[in-house]
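S.K.: This is the structure I want to talk about, given as structure tokens.
Read-outs: derived from the displayed coordinates by stated rules, not from any lab. Keep in mind the model is a prediction, meaning the values are calculated, not measured. Positions of Cβ are generated from backbone atoms using ideal geometry, with glycine treated the same way; all protein chains shown enter the neighbour counts.
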Amino acid sequence: MRFILRLLSAIVIAVALAVVVLLMLPGQKLAQIAARQIEAQTGREVRFDGDVRFMFWPVLGLRANDVSIANAPWAGPQPMLTAGRLNIGVDAAALIGGDVRITELTAIVPELNLATNADGVGNWELSGADAASDDVPATEASDASSFSIETLSVSGARLTYAPYGDAPVTLEQVDVALDWPQGGEAATLSATLRPFGEPLTVSGSIQTFDDFLAGQPSAVDMRLMAAGAKGTYAGQLAWDGTANGRLSAQVPSADALARAFGVAAPEVPKGFGQAMAITTDLSFAPAEMQVALKGLALELDGNAVQGAVQLTLTDPMQVSADLTAGALTIPAAAGGAHVGAPSGDAGWSTDPIDASALSLLNGRIAIRFDSLDYGGVVLGASQITTEVDRARAVVSLAPLTVFSGRVDGQVIANNRSGLSVAVKLGFGDVQVQQFLGHTVGYEALTGAASGRVDLLGVGNSEDAIMRSLKGSANFDVGRGKFIGFDLQSLMNPEGGNGGTTVFRNLSASFDIEQGNARSDDFAANLDLLKATGAGRIGLGAQDMDFTFTPTAFGGENGDGISVPVRVHGPWSNLSYTPDLSRIEELRALEEQAKSAVQKKLSEELGTQVETVEEAEDALRKRVEEEARKQLLKFLNRD
């Protein structure tokens, strides 16, 4: 027991002596030693312009006011770091042995001024290679090897970042905590940024932090949280942004995430990524500014897309993408309007079309899908390839399965010197009622159509483009019908189709100029009639003036009775007007035929015939008389 008491007494005396030594060592002197060691390690001047005091809690070390660390020579006179208060933790055992070993730095409300030069070098890239000078004794410079920071903490920082050639960016209320164990263990990092009020939190581990600070790739495992979104990255990462690893992210609201990063939230339609999830192998080469996404799995509002994407982040951005998808669904536009259809009598929109997005990128994007339901328009298995070059986009359909038929060809939008749109398409077995209903709101014509369209329109609004259309078109429709008027009932009131014109086939070709499609070879074959037509369809004005001429009782030479029907007015309220003068002609011909038949019967029967009943009675009497004469002749033959 006496031995134990002596041992405890020796320990207490040793601790007391250590405390006395610490208390006797002036704080300013210790700060100067620490400053020189930091300078030797970093090559930057360190100044303690305020009071320097010892602290025993929460760590043993110094508490210094008005501290600054000099900037890189090329970055200007403003210090890289200033702090109203800096806590410096020291290793107590090393301090007792006469060595100052800094283990912790905690900056309270600091201000960091970060910048890059023309070579892409940051002023935060510290090096002690040039630190030793005549002002630093060799013994103190050699002590730099004992310098280490096991814990770095920054609270409430104001950070200004000035990339070379760009406007500075300032962040307020930045919190950073770094645990940097010695002995090769992984460093852990957590940081909270509030660039636009919403906190963005980054946390994770860096396996070889020394290599990372030296600009070498290091294995990292990082996590990001912002506005409800979560992201992870595991792989290689270097200080300059060089990356090669696996990225995964879930974004419940793209709008909220955009606001958190201070980006004007785009109006993303449902189905294009209001909410999204992504997993991909990511690589980034900062020297070439190239991003590659391989093994990409993307989910946009429930629509799953796979493939690969390569981006070159230049101006304009270069894009190469090859994507595949299964069944895609994109809800109808607001209000449930037909896709592309004008509403009521309003006509085409006169709102300016902003086609500036065509200048944002160059490259090729190809997507193949099994089906696509877009606002009620259902596409089957299709492939769409878009190629953009200097504000000119060419969309190739090879083919597109739509409206129960197929469409192939190209749609071109060119915004190099004003907006122009060209359509060069061939189509087959397209259901006319579906197509016209979803494009111009007209559903009175049915049948499967085949043909070709070659159009060009110029203008900066829908209305201007549609009124400037020029080109040509032709079509051939199999068996179908016009709903709303009955050509056969005009020719035969007892043989109509209940307000519908049924045809076996229908064809026409059009010359299009200034938004008007004109045709003089419209032809339709009905069950008992033939019809031809000529006139104008106003693609720009959304009206028409077309005359259909059905012909009944015609022979091979086309002769017969015709009753023209004029279809005219706006698409939303078409009028059907028959030429009744031909009906009067038909009735006059009928009376002439009846008179001629009555006259001939009267002559043949030898009596005046005025009605059908008189004709039948006279004919019966004539037959009976003739039969009696023949019978008497037969009986008196001998």
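S.K.: Need the full-extension length gain, TRP74 to ARG390, defined as separation in residues times 0.36 nm minus the C-alpha distance. One decimal, nm.
M.R.: Details: separation 316, 0.36 × 316 = 113.76 nm, distance 3.83 nm.
Net length gain for the segment: 109.9 nm.
S.K.: Which FRET efficiency, nearest 0.05, do TYR164 and ALA258 yield, Cβ-Cβ r, R0 25 Å?
M.R.: Once the sixth-power term is evaluated, E becomes 0.40.
S.K.: Quick check on packing: order 350-359, 225-234 by the mean number of other C-beta atoms within 10 Å, highest mean leading. Before the final figure, lay out each step's value.
M.R.: Values: 350-359: 13.1, 225-234: 16.5.
Going by the mean number of other Cβ atoms within 10 Å, highest first, we get 225-234, 350-359.
S.K.: Given 0.36 nm per residue, what is the gain on full extension from VAL109 to ASP51 after removing their alpha carbon distance, in nm? If you can, show how the numbers build up before the last one.
M.R.: On the way: separation 58, 0.36 × 58 = 20.88 nm, distance 1.67 nm.
Here the segment from VAL109 to ASP51 would lengthen by 19.2 nm.
S.K.: With the contact rule set at Cα under 8 Å and sequence spacing of 6 or more, what percent relative contact order holds for the range 194-313?
M.R.: Numbers: 284 pairs, mean separation 21.5, N = 120.
Relative contact order, the range 194-313: 18 percent.
S.K.: Note down the nm distance, to one decimal, between modelled labels 7 Å out along Cα→Cβ at GLU185 and at GLN32.
M.R.: 3.6
S.K.: May I ask you to list the residues of the range 415-439 whose amide nitrogen lies under 19 Å from a point 7 Å from Cα along the Cα→beta-carbon direction of SER371?
M.R.: So the set is 430-431, 434-435.
S.K.: Here's a follow-up. Suppose the chain between GLN216 and LEU574 were pulled fully straight at 0.36 nm per residue; how much longer would it get relative to their current alpha carbon spacing?
M.R.: Working: separation 358, 0.36 × 358 = 128.88 nm, distance 7.41 nm.
That works out to 121.5 nm of additional length.
S.K.: At what distance in nm do the modelled label points of ASN474 and GLU513 sit from each other, each positioned 7 Å from its Cα along Cα→Cβ?
M.R.: Using points 7 Å along Cα→Cβ, the separation is 2.0 nm.
S.K.: If each of LEU152 and GLU299 carries a label point 7 Å out from its Cα toward its Cβ, how far apart are those two points in nm?
M.R.: 3.8
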